[in-house]
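Right, one structure below, let's go through it.
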Amino acid sequence: MARPTCANIHTDALRHNLAQARALAPHSRVMAVVKADGYGHGLERVARALEGADAFGVAALSDADRLRAAGLSQPIVLLSGFDEADDLPQLRRLGVETVVHHISQIEMLEQAAPGDPIRCWLKVDSGMHRLGFAPEQVREAYARLSEAASVADGIVLMNHFASSDEFDGNSPGSRQTREQLAAFAAATEGLRGVRSLSNSAAVLGWPEAHADWIRPGGLLYGISAVEGRTGADFGLRPAMTLSTRLIAVNRVRKGERIGYAATWQAPQDMLIGVAAIGYGDGYPRAAPSGTPLRVAGHDTQVIGRVSMDLMTIDLRGVPAAKVGDPVELWGPELPVERIAQISGTIGYELTCSITRRVRFVEA
Ligand SMILES: *Cc1c(COP(=O)(O)O)cnc(C)c1O
């Protein structure tokens, strides 16, 4: 029998979330960020569902290659930029636009062989201090790109926010976002070109940052990047349900210990379930006893250590449970953000971590 572990991808939810992004930022074009295999939902599947987007954002040229091979003809932007001169013919062949964040990239563009011009997104480091030109370098970078024969007309100006998930006016994160907005505006003042600033959190909470292009990722998958809030709180719908089945239902006596390292002890005679999912499928090992899940529609919890292929489940609230019953780990009824928070991470990491042995089904 095939392993019952399954990631259901809700393409209608993806489309709904794209429409939400457009409604939130009605004057902006939408780059759908599909890096990391569409945040773990499957690149081609996601891109087809989101073909109404104005562009796609990827982090690897190989992903651009896959999108073109799947017949998608939208603009594609390489968000981390190219890193060697050999990438340039590939960018041209695939018609891919690139972020330019470092002087070494400008040198490669200046020395590129003649060919189709490449559209560039000039990245300003407005204060996150990851990628981008420092504000005082922006004008020179812009001027050199404008002169390079290999660079297409219409340089896009962009930045990236570090803390746009904080909306509360006086928090340090909000202050940082306001400082980033001001630094970006000053660094690009008077430069011609459309502007792109906002990730999902800024789309949700910083309308003044929407500009010409928004770049939502998590929002499209129905995942909130805002601590303590779920996608549903913003009118979004989760695009993934992770599920499996019970492969055993066993009775244990009061005082017996469950699983590796015996971390959980039965407080009474009780039923426990064993489900065919573990960290080898991408369910977080860090999920402690008490992490919620659902068996045949009933809310219950993980007990004991999550192991590679299996987990153990408290069936006290599900007395009729039997082998074969469906187990839902996250999905519309159980936000992935909640599982992530309990496990010390974010929803993005959980959906990105689903492994290849999990069967993907479009629903
Ligand atoms: C990943 C990424 C995004 C999308 O971020 P979300 O929080 O998922 O919306 C936007 N812009 C850039 C440059 C990125 O790398």
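Quick look at the values:
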| read-out | value |
| --- | --- |
| Some residue of region 53-73 being out of contact with any strand residue (DSSP E or B) (no Cβ under 7 Å at 6 or more places or on another chain), surrounded by 15 or more Cβ atoms within 10 Å (Cβ to Cβ), among the aromatic types (Phe, Trp, Tyr) and touching a residue at least 12 places away in the same chain (Cβ under 8 Å) | no |
| Residues of region 212-232 satisfying the condition of being part of a helix (DSSP H, G or I), crowded, with 24+ Cβ neighbours inside 10 Å and more than 10 Å from the ligand (Cβ to nearest atom) | 231 |
| Strands (runs of 3 or more DSSP E) wholly inside region 276-363 containing at least 1 residues that are surrounded by 22 or more Cβ atoms within 10 Å (Cβ to Cβ) | 292-295, 298-303, 311-314, 326-330 |
| Unmet criterion (only one of (1) on the phi > 0 side of the Ramachandran plot; (2) away from the ligand (no atom under 16 Å from the Cβ); (3) touching a Gly at 6+ places or on another chain (Cβ under 7 Å)) for residue 92 | (1) |
| Test: residue in region 211-228 that is among the hydroxyl-bearing types (Ser, Thr, Tyr) and either within 30 Å of residue 362 (Cβ to Cβ) or in contact with a His (Cβ under 6 Å, 6 or more places away or on another chain) (or both) | yes |
| Those residues of region 124-144 which are without any contact (Cβ under 8 Å) to a residue 40 or more places away in the chain and either on the phi > 0 side of the Ramachandran plot or among the aliphatic types (A, V, I, L, M) (or both), in sequence order | 129, 132, 134, 143 |
| Within region 11-37, considering residues that are buried (at least 19 other Cβ atoms within 10 Å of the Cβ) and of a type in the set (S, T, N, Q), the one nearest to residue 349 (Cα to Cα) | 17 |
| In region 190-211, residue nearest to residue 133 (Cα to Cα) [restricted to those that are within 16 Å of the ligand (Cβ to nearest atom), touching a helix residue (DSSP H, G or I) at 6+ places or on another chain (Cβ under 9 Å) and assigned to a loop (DSSP other than H, G, I, E, B)] | 199 |
| Selection status of residue 187, buried (at least 21 other Cβ atoms within 10 Å of the Cβ), away from the ligand (no atom under 15 Å from the Cβ), assigned by TED's automatic domain parsing to the domain that holds residue 17 and of a type in the set (A, V, I, L, M) | yes |
| Pair list, Cβ under 6 Å, 6 or more apart: region 94-123 residue over 24 Å from residue 195 (Cβ atoms), other residue within 16 Å of the ligand (Cβ to nearest atom) | 94/64 |
| Some residue of region 38-56 being at positive phi, touching a helix residue (DSSP H, G or I) at 6+ places or on another chain (Cβ under 8 Å) and of a type in the set (Asp, Glu) | no |
| Scope region 29-42; condition farther than 17 Å from residue 359 by Cβ and either away from the ligand (no atom under 13 Å from the Cβ) or not assigned by TED's automatic domain parsing to the domain that holds residue 75 (or both); matching residues | 29 |
| Hits in region 320-351 - residues which are of a type in the set (Val, Ile, Thr) and under 15 Å from the mean Cα position of the chain (by Cα) | 336, 345, 346, 351 |
| Matching entry among 333, 337 (being in contact (Cβ under 8 Å) with a residue 12 or more places away in the chain, among the charged types (D, E, K, R) and within 16 Å of the ligand (Cβ to nearest atom)) | 337 |
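This table checks each residue for (1) farther than 30 Å from residue 15 by Cβ; (2) within 17 Å of the chain's Cα centre (by Cα).
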position	(1), (2)
180	yes, no
191	yes, no
195	no, no
216	no, yes
246	yes, no
253	yes, no
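The values are calculated or read from the model by the stated rules, or taken from the named source; none is laboratory data. Everything numeric here is computed off the predicted structure, so don't read it as measured data. Here the Cβ is made from the backbone with ideal geometry for all residues, glycine too, and neighbour counts use every protein chain on show.
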